[in-house]
Amino acid sequence: MTRTRVKKPLFEPGLIPAPGTLLDWRDSQHFDRWQERPCALCEQPTPMLSHYREPVHKACADDWIAANPTEVRLGRFASDVQPKRRRDDA
């Protein structure tokens, strides 16, 4: 029996934050616990990853969003999808 490795799909980005607001990266998939790679923006080592597996410090991504309000709409960096809140009507 041959085992095929199923590649885990990229996780879904949520909203693109407005310039001046911070990204919400709570999902553990933003952290590579095995290696650090150069940040795509400052070139310093980072274990952080964007939704597209691009190595980038969250602070660098936040600064990039503030400095590039036009390019932000292309979705290079986005916040995590937030689960819907459950209302207890009882």
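The values are calculated or read from the model by the stated rules, or taken from the named source; none is laboratory data. If you're wondering where the values come from, they're calculated on a predicted model, not measured in any experiment. Heads up, the Cβs are rebuilt from the backbone with ideal geometry, glycines too, and the neighbour counts pull from every protein chain shown.
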Seminar exercise, completed: The one condition Q29 fails out of (1) exposed (fewer than 12 other Cβ atoms within 10 Å of the Cβ); (2) modelled with pLDDT of 85 or more; (3) out of contact with any strand residue (DSSP E or B) (no Cβ under 6 Å at 6 or more places or on another chain) is (1)
Problem set entry | Any hit, segment 36-58, residues being out of contact with any strand residue (DSSP E or B) (no Cβ under 7 Å at 6 or more places or on another chain), surrounded by fewer than 18 Cβ atoms within 10 Å (Cβ to Cβ), at pLDDT 90 or above and assigned to a helix (DSSP H, G or I) | no
Exercise. So which pairs qualify, if the first residue must be in segment 46-65 and basic (K, R), the second must be in a loop (DSSP other than H, G, I, E, B), the Cβ gap must be under 6 Å, and the two must be at least 6 apart or on different chains?
Worked result: K58/L23; K58/W25
